[in-house]
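So the structure is just underneath, and the comments pick up after that.
The values are calculated or read from the model by the stated rules, or taken from the named source; none is laboratory data. Keep in mind the model is a prediction, meaning the values are calculated, not measured. Cβ atoms come from the backbone with ideal geometry, glycine included; neighbour counts cover every protein chain shown. SASA here: full protein model, heavy atoms, side chains in, ligands and nucleic acids out. Shrake-Rupley method; radii C 1.70, N 1.55, O 1.52, S 1.80 Å.
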Amino acid sequence: MCRIAGFWDFNYRGNLAHGGPDDGGIFLEPSYGLALTDRRLSILDLSSAGHQPMEFKNLVITYNGEVYSFREIRQELEKEGYKFSSSDTEVILKAFHRWGFEAVHRFRGMFAFALWDKKEKKLILCRDRIGVKPLYYYTKDELFMTASELKAFHKHPKFKKELSPLALSLFLCFFNMAISLPHTAYLKTPISLSSGTS
């Protein structure tokens, strides 16, 4: 299974280690304290052309999931002169290059991604409309983190693992295996992006 993570620490300048099952990578923007990471289980593209984080022009993406409509989008982009060498990750990246955020309305599937615009200095987080692929974020004291799993946050030295009494009581009251939005198991910390990409 693929995993994505990243952080934007406004007070941090440094390096990260990385690795993964089939492939793994890291993108660093040291002057902004930004890092995006990926651990990829190769499914659609088994070649190194699918390596992530993937870059095109001013955009960088780390992505988990599958966009089922990528072939149709790719054909449309090819008519406009875009060239391709790998799978749906490259299609998402080039669709954003062509249409900006409007590209999201063309994506059908289960996905979560973080996209950094080096020119605009903007980080975009997006997940599928139903929320099949998880995507969490955490913000506190000029630190912003995102990941497809909560335990990825545990590695950052500024993250505090404090249980939320409210979330724990909701879990025990309703005997539910999942804690409902906007709560998580942690106190004042990660939030799951709500379903939908409006």
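Miscellaneous remarks
- Selected residue (only one of PHE111, PHE84 is aromatic (Phe, Trp, Tyr), modelled with pLDDT of 90 or more, open to solvent by less than 40 Å² (accessible area, probe 1.4 Å) and touching a Cys at 6+ places or on another chain (Cβ under 9 Å)): PHE111
- As a summary of the residue check, LYS151 satisfies the conditions (1) in contact (Cβ under 8 Å) with a residue 40 or more places away in the chain; (2) under 20 Å from THR37 (Cα atoms); (3) under 16 Å from the mean Cα position of the chain (by Cα) except for the one numbered (1).
- Whichever residue in the range 120-136 is outside any loop (DSSP other than H, G, I, E, B) and farther than 17 Å from THR184 by Cβ and, among such residues, is least open to solvent (accessible area, probe 1.4 Å): CYS126
- Looking across the range 147-163 at every residue that is surrounded by 14 or more Cβ atoms within 10 Å (Cβ to Cβ) and touching a helix residue (DSSP H, G or I) at 6+ places or on another chain (Cβ under 9 Å), the one that is modelled with the lowest pLDDT is identified as PHE159.
- Scanning the range 86-114 for residues being touching a strand residue (DSSP E or B) at 6+ places or on another chain (Cβ under 7 Å) and either among the acidic types (Asp, Glu) or closer than 28 Å to LYS160 by Cβ (or both) gives a total of 5.
- Any hit, the range 38-53, residues being open to solvent by less than 50 Å² (accessible area, probe 1.4 Å) and modelled with pLDDT of 80 or more: yes
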